[in-house]
There are 2 protein chains.
Amino acid sequence: MSERLITIREMCDEFDVTPRTLRFYESRELIFPLRRDMNRFYGRSDRARLKLILRGKRFGFSLEEIRQLLELYDPTERNVTQTRATIATAHDRLADMERQYDELATAILELRHQIAEGEKWLNSIQTDARQTA
Amino acid sequence: MSERLITIREMCDEFDVTPRTLRFYESRELIFPLRRDMNRFYGRSDRARLKLILRGKRFGFSLEEIRQLLELYDPTERNVTQTRATIATAHDRLADMERQYDELATAILELRHQIAEGEKWLNSIQTDARQTA
DNA sequence: GGCGAGGTTTACGTTCACGTAAGCCCCGAC
DNA sequence: GTCGGGGCTTACGTGAACGTAAACCTCGCC
């Protein structure tokens with residue numbers, strides 16, 4: 001299938017990150033670009049993983065938590081006991097995310113309400129100004 | 001109404017944080033406990049604010065972003081231009097949260113799928129073991 | 001009256017997730 | 001040939017969000 005490999009710069013442009021960030025993620029074993037004479041080349045899998053990494057970060061997960069989750073998405077040389085552990089922690093993360101989902105719904109409603117209140121207050125001030133004019 | 005004031009220790013127990021954390025939030029002007037002869041006493045407002053702070057943190061917001069949001073929830077001496085700015089950034093945060101809400105829904109579905117795949121794989125291994133036995 | 005528990009300030013230490021700078025290699029252009 | 005551009009490693013710096021230690025005060029209690 002001749003995987004389309006891209007350089008670190010193309011990767012950075014595509015995902016809006018710095019080379020330092022990609023090398024850092026690699027050092028933490030979150031991505032595994034192909035190394036050819038000292039240079040890095042990123043394939044489809046690396047792009048998929050980076051996408052998941054950035055998404056995980058937006059949800060407030062640490063890189064270590066994300067690394068554990070990535071093991072689940074990656075069907076490389078699975079060991080049974082290892083996979084069991086991965087799935088167990090994945091269940092925990094899933095529970096976290098479901099809790100966060102509900103909380104987020106509540107927070108969004110409350111924030112909308114507060115914004116509406118604030119705007120109402122601003123309008124009342126405007127009205128006062130017009131009346132006293 | 002004789003507001004029920006609680007000590008720093010009670011506050012810590014109620015929200016599972018350390019005294020250091022509460023003092024730190026105070027130094028960053030996120031909460032404003034009453035000071036009586038060198039001691040801190042927390043009221044209803046402080047508890048409400050701390051709840052919002054901890055929730056904001058779970059969503060990945062920085063303390064500074066949270067501080068700005070808190071201004072919206074707090075109707076103390078509002079200035080018009082100030083409130084306008086607060087509401088503007090609140091709209092941004094709201095957009096962030098709505099994006100995150102949608103992303104989270106997708107991520108949850110994908111994670112559930114991956115967990116199911118992992119469990120299916122584990123079962124297939126179990127079956128192989130039985131068959132080869 | 002001493003002392004332990006709980007509060008306070010000040011200040012340096014720590015972890016995470018990178019930023020930034022120094023120094024080196026290699027390659028294509030001028 | 002050299003020179004700039006891009007990539008590499010190594011290593012120290014940084015901001016956020018606290019942890020932790022030192023040194024103090026004060027209150028209730030035996």
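The values are calculated or read from the model by the stated rules, or taken from the named source; none is laboratory data. Quantities reported herein were computed from a predicted structural model and do not represent experimental measurements. All Cβ positions, glycine included, derive from the backbone under ideal geometry; neighbour counts span all protein chains shown. Side chains are part of the model used for accessible areas, which takes the heavy atoms of the whole protein and leaves out ligands, DNA and RNA. Shrake-Rupley method; radii C 1.70, N 1.55, O 1.52, S 1.80 Å.
Tabulated results
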| read-out | value |
| --- | --- |
| Within the range B:50-84, tally of residues that are within 21 Å of A:Glu119 (Cα to Cα) and either among the polar types (S, T, N, Q) or without any contact (Cβ under 8 Å) to a residue 40 or more places away in the chain (or both) | 20 |
| Single residue of the range A:35-59 satisfying the filter (within 14 Å of chain B (Cβ to nearest Cβ) and farther than 15 Å from A:Asp16 by Cα) that is nearest to DNA strand D (Cβ to nearest atom) | A:Phe59 |
| So A:Ala90, is it part of a helix (DSSP H, G or I) and closer than 30 Å to A:Val17 by Cα | yes |
| Any hit, the range B:62-71, residues being under 28 Å from B:Tyr25 (Cβ atoms) and at the interface with chain A (Cβ under 8 Å from one of its Cβ atoms) | yes |
| Filter result (within 8 Å of DNA strand C (Cβ to nearest atom) and either modelled with pLDDT of 95 or more or not in a loop (DSSP other than H, G, I, E, B) (or both)) within the range B:27-40 | B:Pro33, B:Arg35, B:Asn39, B:Arg40 |
| Pairs with Cβ under 6 Å, 6+ apart, first in the range A:5-22 and closer than 12 Å to A:Pro33 by Cβ and open to solvent by less than 70 Å² (accessible area, probe 1.4 Å), second among the acidic types (Asp, Glu) and within 11 Å of DNA strand D (Cβ to nearest atom) | none |
| From the options B:Leu122, B:Leu111, B:Leu104, residue that is open to solvent by less than 70 Å² (accessible area, probe 1.4 Å) and either under 30 Å from A:Gln114 (Cβ atoms) or in contact (Cβ under 8 Å) with a residue 60 or more places away in the chain (or both) | B:Leu104 |
| Residue in the range A:60-78 that is nearest to DNA strand D (Cβ to nearest atom), counting only those that are in a loop (DSSP other than H, G, I, E, B) and open to solvent by 60 Å² or more (accessible area, probe 1.4 Å) | A:Thr76 |
| Contacts under 8 angstrom Cβ, first residue in the range A:85-101 being within 17 Å of A:Ser62 (Cβ to Cβ) and within 10 Å of chain B (Cβ to nearest Cβ), partner part of a helix (DSSP H, G or I) and among the charged types (D, E, K, R), 6 or more apart | A:Thr86/A:Glu71; A:Arg93/A:Glu65; A:Leu94/B:Arg112; A:Gln100/B:Arg58 |
| Residue within the range A:44-55 that is over 30 Å from B:Ala90 (Cα atoms) and within 15 Å of DNA strand C (Cβ to nearest atom) present | yes |
